[in-house]
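Below is one structure, written out as structure tokens; the observations come after it.
Bear in mind that the values in this text are calculations on the coordinates, not laboratory data. All values reported here derive from a predicted model rather than from experimental measurement. We place every Cβ from the backbone using ideal geometry, glycine too, and count neighbours over all the protein chains shown.
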Amino acid sequence: MTDQHIATQDNDHHDHDSHHGPAKGWRRWLFTTNHKDIGTLYLTLSFILMFVAGTMALLVRTELFEPGKVLLNPEFFNQMTTFHGLIMVFGVIMPAMAGLANWMIPMMIGAQDMALPRLNNWSFWLLPFAFTMLMSTFLMSGNAPDFGWTFYAPLSTTYAPKSTDFFIFSVHLMGLSSILAALNIVVTIFNMRAPAMTWMKLPMFVWSWLVTAFLLLAVMPVLAGCVTMMLMDRHFGTSFFNAAGGGDPVLFQHVFWFFGHPEVYILILPGFGVISSIIPTFSRKPLFGYHAMVYATVIIALLGLVVWVHHMFTTGAPMDAQLFFMYATMLISVPTGIKVFNWTATIFKGSLSFETPMLFALGFLVMFTIGGLSGLMISLVPSDYQYRDSYFIVAHFHYVLVSGSLFTIIAAVYYWLPKWTGRMYSERLGQWHFWLTTIGMNVTFMPMHFLGLAGMPRRIPDYALQFTDFNQICTVGAFIFGFAQLIFLYIVVMSCFSKRFPAATSQVWEGAHGLEWTIPSPAPYHTFETPPDLATVNAAAPQLE
Amino acid sequence: MSNHQKSHKRLTLILVCGVLLMFGFAYMLVPLYKLICQKEGINGRSGATASSMAGLSIDTTRTIKVTFLTTLHQHLPFTFKPVKPFLLIHPGERKLIYFYAENKTGHDMTVQAVPSITPGDAARFLKKTECFCFTQQYFFKGEKADMPVYFFVDPAIPSSIKEITLSYTLFDVGDFLKKQQHFTKGRIDL
């Protein structure tokens, strides 16, 4: 009785609270516990860092325009490749996905906010500090970290610049931030779903993020352990990775890739969820094979945990181990293939329209598959011996990370932007953005396949004369790709601040289904203070064929 | 509301425990890796401890060429080379090979050789009963010595393997000194 009384009071108090809008000025952003604000913060940070790391990529491409020195010293070139990789992975893709999760998951499952809002604030605000610390290494005497984003020992231990310790602590902070965000997402999805929302009514985006969050919880602590071992080797006289003291540098690669391989699924799985939302909307058909999609996602994650040695076939693993990891890797293409076929089947005989989000989703579908096929090629042990550490690898992972993860993020932004800002974006500019991005992306990365097959090694600031032509094509493509993103910046800024574009309806897109489309655009500061009822949930649930 | 809070707390706690467990697992990988390497002979790890050759018979029908290779880590000012570049050996037969080392650093130095065996699948079968690489080796300034390895090839070795390379990298282990200083068992001082 008393309990109930308190509970009611609590609720009343809450209702009262929610009528205050957001706080004013910078305090709103610093102290916010609102999932939408935190989502916006994540996406903004990611957007800024995309231009930072993109500029670094353009510097790299400029250096590679011709053999010999064009612009950068080899040392600085190495720092650029290192930071480009680190920032794109940890500062662009991961925060953007976390931003989408924060914005969309509570709205998709009918929750009023994330389960642990204060923790949510902290997990975001760790990131700006982490990246400030990482970037501050450029201002220090000696080199900034220059050992590649994979920071293999002993390059990152015995031979590393002094600033590596700052790198180590910034990775700790990033890892902590991801773990807290993942924790929050799992608790939110488990505990905060609208009572009527059963597991098999969850939108695919939520399912994908749930699986991703578990992967994050499983492997980010291993990354933390890995950099902690590095720190101990550097300063506390241990020799985890130093053969002189009885350690082994190959152990580093095992620990790193035990994290590193699931990490690539962390980068792509939420994107799969985005595509599973967008394609049905613009095909005006339910997602084909919802159940198969859910199981495929879970299986991809599980298999992703046991294939890490395919990153290190040439370190001399025994034959049986190589066979196991080769077959396990090839097996992943089965659930991934299920997903690709299901998306294609969703499009089949659909009533299609080609708004910008759909264009990016279709671009993803085609080009991610190209990346998947080159992935299958390098999963074969004998051919991996040929491809490893060449530009073929660079081409492969850019096809899956740029036209994979990044395209899904861009598609998601176009898809949900009207819901966030309450205004449509410029469709004409969006189309321009898509075509320039797609052309730029392919001109940049397609020739890299051939460069790699012809024997051009990666991470080298200089190259043999015969590689010049294709490298120049790559560089031209990279600049088209890079500058096309300024259009994206312009579109997003205009949609946020300009009143020129028409106001969006609640549903925004004609074929859109899901709880997020039942609330007004722009989404009010507080949504679903009372959970949606069974009828609303059922109407919004992914329809089964 | 308060009910919800409670279940948040419980789930959060479970997940935090999982995270701590995985952090521990990262460190667990270290002994696990050592164990697997020793069992499978990866990276010549099985070659870092003495083996017994009791009950083995010599298979004279087969001959395997064992080539020796030496590397100095980080331009260590030492001379370090095998006295013979290779030996022919029957499976089950025990042979002795000396490695010559000379300290040219201009001061006393403790070093250790770390073995590696290729092809990977042969590593398990090349075994040592006695090796200078089992311990750290102390060298006075300018000291020269021949250091012994007694080894044999297990007759169980697959018949496809006709050649094995045994490679040693010599490390300065000044930062990782073990207790048994001046350990020079079996060494011939020159």
Fill in the blank from the handout: A:A53 meets each of (1) within 20 Å of A:V476 (Cα to Cα); (2) over 19 Å from the mean Cα position of the chain (by Cα) with one exception, condition (2)
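Picking from A:G363, A:G350, which residue would you name as being closer than 27 Å to A:R428 by Cβ and not in a helix (DSSP H, G or I)?
On the way: A:G363 fails: not in a helix (DSSP H, G or I).
Criteria check complete, one pass: A:G350.
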Practice task
Starting from the stretch A:305-318, keep only residues that are within 20 Å of A:I393 (Cα to Cα) and within 11 Å of another protein chain (Cβ to nearest Cβ), then list their pairs with residues that are crowded, with 22+ Cβ neighbours inside 10 Å and polar (S, T, N, Q) whose Cβ atoms are within a distance under 8 Å, requiring at least 6 positions of separation or different chains.
Solution key: A:G316/B:N43
Problem - Residues of the stretch A:39-80 classified as charged (D, E, K, R) and in a helix (DSSP H, G or I), total - result: 3
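May I ask you to verify whether A:T505 is without any contact (Cβ under 8 Å) to a residue 12 or more places away in the chain, among the β-branched types (V, I, T) and in a loop (DSSP other than H, G, I, E, B)?
Working: without any contact (Cβ under 8 Å) to a residue 12 or more places away in the chain: no; among the β-branched types (V, I, T): yes; in a loop (DSSP other than H, G, I, E, B): yes.
Criteria not met by A:T505.
Out of the residues in the stretch A:146-204 meeting the condition of being of a type in the set (G, A, S) and part of a helix (DSSP H, G or I), tell me which one is farthest from A:G91 (Cα to Cα).
For the stretch A:146-204, the residue satisfying everything is A:A182.
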Exercise for the section: For residues that are more than 8 Å from chain B (Cβ to nearest Cβ) and in a helix (DSSP H, G or I), tally how many sit in the stretch A:229-258. Expected result: 11
Fill in the blank from the handout: Filtering the stretch A:461-488 down to residues that are surrounded by fewer than 16 Cβ atoms within 10 Å (Cβ to Cβ) and in a loop (DSSP other than H, G, I, E, B) yields A:D462, A:A464
